[in-house]
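Enquirer: Would you mind keeping the following structure in view while I ask a few things?
The values are calculated or read from the model by the stated rules, or taken from the named source; none is laboratory data. Treat the numbers as computed from the prediction; the structure is a model and nothing was measured. Positions of Cβ are generated from backbone atoms using ideal geometry, with glycine treated the same way; all protein chains shown enter the neighbour counts.
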Amino acid sequence: MSTPERALLVGTLLLAALPAFAAESPQLGTPITPAEMAAWDLSIQPDGRGLPAGSGTAAAGKAIFVEKCQACHNEEGKGQPFDRLVGGQGTLASAAPVKTIGSFWPYASTVFDYIRRAMPLVAPQSLTNDEVYSLTAYLLSLNGIIKERDVMNAKTLAKVKMPNQGGFIIKYPEK
Ligand code: HEC
């Protein structure tokens, strides 16, 4: 048999075997449900698209922070043993920049996204949306970005302007 003929034969045999492969698939996994998909579909856009229903205040956030965050981020988020969450505004261009969510992060909605997705470090995604709104309100208020009594929800949080929003440059604006 010539080489092209042999290739054709192998190809034909493979095609003939395909339905059998499908029938003999290992049958692993189950189709994902919309509810399961929603649990993974967590991303919030800089303009606030994707923020869930719910709301919270700094006062409620303070109580949750003391219980679930302070051990790692210290009182009022001043840092140690882990990241400092408050202050640093106006230091970014200095010789000793202090990068916090308040001084560095360009979008308030990212604070919500990050806390909901990743914190507390030992139990990520254990907080309710109201708790995350409250913690976000508390941290933004400690940073002087919102007032202590401002209620955070999908609408109000999307409107919060972070001090360093203009400090990020899009290198390839056409993309
Ligand atoms: C067990 C320790 C621990 C606990 C508890 C904890 N965190 Fe964190 N947190 C960390 C660590 C470590 C990082 C840095 C993670 C990294 O850079 O990948 C971090 C990062 C963060 C950041 C981002 C800081 C930055 O500038 O990048 C935020 C916001 C935050 N935590 C909020 C919270 C909130 C709110 C809670 C309470 C619900 C919480 N954390 C509880 C350890 C903790």
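Enquirer: Kindly establish whether M152 is away from the ligand (no atom under 11 Å from the Cβ), at negative phi and among the hydrophobic types (A, V, I, L, M, F, W, C). I'd like the intermediate steps shown before the answer.
Expert: Numbers: away from the ligand (no atom under 11 Å from the Cβ): yes; at negative phi: yes; among the hydrophobic types (A, V, I, L, M, F, W, C): yes.
It is true that M152 is away from the ligand (no atom under 11 Å from the Cβ), at negative phi and among the hydrophobic types (A, V, I, L, M, F, W, C).
Enquirer: Taking interchain pairs and intrachain pairs at least six residues apart, which have beta carbon atoms under 7 angstrom, with the first residue in the stretch 90-102 and over 16 Å from G79 (Cα atoms) and the second part of a loop (DSSP other than H, G, I, E, B) and modelled with pLDDT of 95 or more?
Expert: Hits for this filter: T91/P97; T91/V98; T91/S103; L92/S103; L92/F104; L92/N164.
Enquirer: Continuing with this model, one more query. Among the candidates I101, I115, I146, which residue alone is in contact with a helix residue (DSSP H, G or I) (Cβ under 6 Å, 6 or more places away or on another chain) and away from the ligand (no atom under 11 Å from the Cβ)?
Expert: On the way: I101 fails: away from the ligand (no atom under 11 Å from the Cβ); I115 fails: away from the ligand (no atom under 11 Å from the Cβ).
Criteria check complete, one pass: I146.
Enquirer: Could you list all residues from the stretch 63-98 that are within 11 Å of the ligand (Cβ to nearest atom), in a helix (DSSP H, G or I) and on the phi < 0 side of the Ramachandran plot?
Expert: I64, F65, V66, E67, K68, Q70, A71, C72, H73
Quick grid of which residues meet (1) touching a residue at least 12 places away in the same chain (Cβ under 8 Å); (2) on the phi < 0 side of the Ramachandran plot; (3) crowded, with 20+ Cβ neighbours inside 10 Å:
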residue	(1), (2), (3)
A108	yes, yes, yes
R116	yes, yes, yes
P120	yes, yes, no
N143	yes, yes, yes
K171	no, yes, no
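Enquirer: Same structure, new question: Is there a residue in the stretch 119-136 that is closer than 17 Å to P163 by Cβ, within 13 Å of the ligand (Cβ to nearest atom) and at pLDDT 95 or above?
Expert: Restricting attention to the stretch 119-136, the residues satisfying the condition of being closer than 17 Å to P163 by Cβ are 136.
In the following step, the residues that additionally are within 13 Å of the ligand (Cβ to nearest atom) were identified as 136.
Restricting the remaining residues to those that are at pLDDT 95 or above gives 136.
Yes, that holds for at least one residue.
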